[in-house]
1. Go through B:22-28, B:594-600 and give me the packing order, highest mean Cβ count within 10 Å leading.
2. What number, rounded to the nearest 500 deg cm²/dmol, is the helix-based mean residue ellipticity at 222 nm of chain B, given -39500 (n - 2.57) per DSSP H run of at least four residues and division by all its residues?
3. Under the definition of partner shielding as Cβ atoms of other protein chains within 10 Å of a residue Cβ, what is the mean value for peptide B:68-80?
4. Would you be so kind as to identify all helices of chain B, as entire DSSP H runs, whose Cα atoms reach 27 Å or more along the helix's own axis and whose mean Kyte-Doolittle hydropathy is at least 0.0?
5. Using a 7 Å offset from the Cα along the Cα-to-Cβ direction at both B:D582 and A:R320, what is the distance between the two label points in nm, to one decimal?
6. Provide B:S187, B:S61 in ascending order of the number of other Cβ atoms located within 10 Å of each residue's Cβ, fewest first.
7. Arranged from highest to lowest average of other beta-carbon atoms within 10 Å per residue, in what order do the peptides B:315-327, B:478-490 appear?
8. Quick check on the exposure proxy: order B:M77, A:M449 from fewest to most C-beta atoms within 10 angstrom.
Amino acid sequence: MGIDVKRERLVLFELWGYNMKFDFDDTAAAISTPVGKGGISIVRMSGKESLLILEKVFKPAGNKKVSEIESHTVTYGHIFNGDKNIDEVLVIVMLAPRTYTREDVVEINCHGGIKVVKSILDILIKNGARMALPGEFTKRAFLNGRIDLSQAEAVIDLINAKTELSERASLNRLEGRLSKKINELREKILTMTAHIEVNIDYPEHEDEEFSYNMVFEKTSEILREVNHLIETSDMGRIINEGVKTVILGKPNVGKSSLMNCLLDEERAIVTDIPGTTRDALEENINIRGISLNVIDTAGIRVTDDIIEKIGVEKSKIYARNADFIFFVVDGSEELSYEDLEILNFIKKFNKKTIIILNKSDLEQKLDFDELLEYIDENYVLSISAKDGIGIDKLFDKIKELFLAGEIDINDEVMISNERNKVSLINAKQSLENVIETVKNKMPQDFFSMDLTDAYSYLGEIIGESIGEDVIDKIFSEFCLGK
Amino acid sequence: MKGCAIMRYDAQKADVIVVGGGHAGCEAALAAARMGLKTILFAINLDSIAMMPCNPNIGGSSKGHLVREIDALGGEMGKNIDKTYIQTRMLNRGKGPAVYSLRAQADKSRYHTEMKKTLENTDNLIIKQGEVIEILTEGGKVTGVVSESGAVYGCGAIVLCMGTYIKSRCLYGDTIINSGPNGLRNSTKLSESLKNLGIKIFRFKTGTPARVDKRTIDFSKMSVQEGDSQIVPFSFENLEKDIKREQIPCYLTYTNEETHNIIKNNLDRSPLYGGVIDGTGPRYCPSIEDKVVRFSDKERHQIFVEPEGEDTNEMYIQGMSTSLPEDVQVAMYRTVPGLENCQITRAAYAIEYDCIDATQLKLSLEFKNIKGLFSAGQFNGTSGYEEAAAQGIIGGINAALFIKGEEPLILDRSDAYIGVLIDDIVTKGSREPYRMMTSRAEYRLILRQDNADLRLTEKGYGAGLISEERYRKFLEKKVLIEKEIERVINVNVPPSEDVNSFIEKRGGSLLSTGAKLSELIKRPELNYEDLAFTDVNRPVLPNDVKEQVNIQIKYEGYIKRQLMQVEQYKKMETKVLSPDIDYFSMKGLRIEAQQKLSQIKPHNVGQASRISGVSPADISVLLVNLEAMRE
């Protein structure tokens, strides 16, 4: 298939708003089974380097070599992370072109459960694979002419419908822990609901003790955890989607030098933050593990006169939408009227900002005290972007600003999208209703209504509905009958 | 029978034929006849009309709701139990008004006699003893039935209410008897006729415990359970004084380790564990051997001993349903305190029977591909007398409306427990006999047993099952409730000494300024009745009106929230799906969803979303396609 046809198909994808920038010569990996369900999970990898990567992580039984495995056969062995044995697996190697994507495909059938599956995926990524984007395997299949437009369209439709499928796909990634956490909370609610309901549906069933205290304590405990998830939600989005960052400053203060410093840093670090969708207008840069999406307006590298060009008002619009602002001022000049306008704005909206006094190599004329009326001294840095002086300090500052010592990315479960946050806030409201009802000593029927609501709101986050869960729980836990 | 075919002859014609005289059949036949249609009810034995082959009670959690709903629609079950109860209790008091559950112990024999008497004295209704062996159809529409004697009865609609009689067999351990419940004759031929019509048949099982001679029970070793002193009638047409009578107690005892050992040692003789039974049994009424195996850490299980009637010594042993053989039954029953010397009059058994996959039915209970053929009751894969009767009245009403060429009566999940029940079985299907539970109802704060009349009388009246007099009384009651609520909202209560000392006694916080009476009623420690002393202009009102005023004011906040949920739900329920939609040609639907939607043919998008195997994504795709079709 000629490259032109490929490009044409790629254009089609872009037109559908399925905006994923990646070169399709690399190798992608993903968990292909629902996370946390079933006894067995499958991690799938597709692309030219699939076998090379497999060789680094998989030891087939009986000293067989990966290169000796026949296509479309099953091989037993172990996945290793360096010297550490991670899991006992079955591996299926399928060589191009007789595969779903028409690329070399490897499927690793491992044990179920979130932890093992995620660590296998992590190992593949560590060894050169890239996290697959939602629907990427289908996209590859389509780009390689394996499936036709209508088939792909159906899949894409579903994914774009922002429903279960895309939810699942994203759960497979960063949010595996989230789904585990949500499941735990739901299980607690379900158990409590079953205890209340069994009392109602089997009034004479004597073994079930019910008390306001029990409901109060358990609900409070769940509520605390939900609140914590909500608190971490902004951080979660930042980690998942990147920090919306804008560089502001008068013409010729050195914004493009700063951008180049940031980009140099980026080139030194391999970015593997999953789920980052890059806007064409943004440059994604990884600084000390923080992913910054720096607004890279068309002119920013061509000309320095951004304020002149877009004006103060436009700058404010950028600032309003940003999570983080670099405000570059020229230390060798006094603060201008435009500078003060922007500083006022930043102060008013309490935006996370670092003021960069550029041109530290020249004589300093700026009134430092005036600057401190707008911002904490801590967040004013002198650098010389041109010479790279003070850049390390800047990077440390950025890290400090976003990680502040209070949140450890590795151990926290985080909520990363708005819709999930809304579901959490709804769940919180329902749980608060339960507590209110309990405090008022209302009859028990009134809390099960809100408990069920909380259960179903949490379910929205992981794409689960209620169905017969409560009834199944009652029958599995209690001994009832004629 | 081949080779000596029975001669067929035209016997007579009717509008509606009801096959079966159990709880579903009685309601179906009464509804159709009362709606003015010529109706024939067939029962395999007229002495088994409205028979209660298992537990001797009507009502209970959520089932009591069903009975009151049946009554509000103009059905008979509530009136019949009011005539024949021997004990009654309101269960779940204190757990919230939505889950109050009325339950009565029935005199089984009188329950049957009274119901038969009602059928016999209903205009347009004929009851006949005989087995229906074939359903006749022409061009996908029913035309009549054939009885075992070869008599052909022409009709326009049929309601199948065969309960557990179809190809049933009873298992007493290794002894297997081909019979219906309680030793009655089963029906062996109709199943084939239904299969020939393309109807999919399942095999379910259930069971019943033994009956024991009262004279051989030592009640002193059991605790007594008396009925309530205040009697609440099931029927909205009855008042307490109309039905008040002497009550008979029930008893409570327990199994013990010895009982469990006998069961464990004889498990190999249980058809359940020996693999003889292949029907699917219900999780909610496991046999005692099930309980002992599944909950092996439990030291004892509750056993309720309940009278089967006033004129009999037989007692029902609730909690010891089993399919173990008779000798094991005797041994294990005799380990229970109070039953040491018991004489079993009827042994426990498991029963296995044919029933249908209810997803073949529409929400009206008519088969999707056979016009005029309706199905109701345990034959639809449910369990319980009340569940059966609830479907029976809907099946009967809709068979009659079908003949009249009118739209069917469909209750939705926010109208009634009956709506929840029918929507569940025709949408989700059932892998086990379906039992009604309050936990199945999403909007139960609205679906209370106390307001069943307010919810459904209008619908019963519309169908023609509510008399003018009853309807007039109903309208009066509604007005009284509205007026009184209006009044209470406007009554000011001053912070007087009387009021504050009363509030103090109840442990509430005292009034410093005046408050609205309705605000005080909302307080957890107070209610409408309590505050009569401070409400000088209060009119004299009947109890049921006072109850409504109290509940509607006291729980207003919760009820309002539930009503908002109902509004959300109704949005999807009003997006109607034509039965002609070709789901297989819908772009973007997953294959499983295409198959399920084509099979169930949901009535609306809400119902579609409740089908297992149809995901939220499929519903989005479905909505997009609907939008496209509209354009």
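Laboratory data are not the source of any read-out in this text; all were calculated from the coordinates shown. What you see is a predicted model; the values in this text were computed from it and never measured. Counting neighbours? That spans all protein chains shown, and the Cβs are built from the backbone with ideal geometry, glycine included.
1. On the way: B:22-28: 33.4, B:594-600: 18.1.
Sorting B:22-28, B:594-600 by mean packing, highest first, produces B:22-28, B:594-600.
2. Values: 21 runs with 225 residues, N = 631.
-10500 deg cm²/dmol, from helical runs alone.
3. Values: counts 0, 0, 0, 0, 0, 0, 0, 0, 0, 0, 0, 0, 0.
Mean inter-chain Cβ contacts per residue within 10 Å come to 0.
4. Numbers: long enough: B:385-404 (28 Å, 0.66); B:468-490 (34 Å, -0.98).
Those that clear 27 Å and a mean of 0.0 are B:385-404.
5. Placing both labels 7 Å along Cα→Cβ, they lie 5.1 nm apart.
6. On the way: B:S187 22, B:S61 25.
With the fewest neighbours first, B:S187, B:S61 line up as B:S187, B:S61.
7. Values: B:315-327: 24.2, B:478-490: 15.5.
In descending order of packing, they fall as B:315-327, B:478-490.
8. On the way: B:M77 31, A:M449 22.
Taking fewest neighbouring Cβ atoms as first place, the list is A:M449, B:M77.
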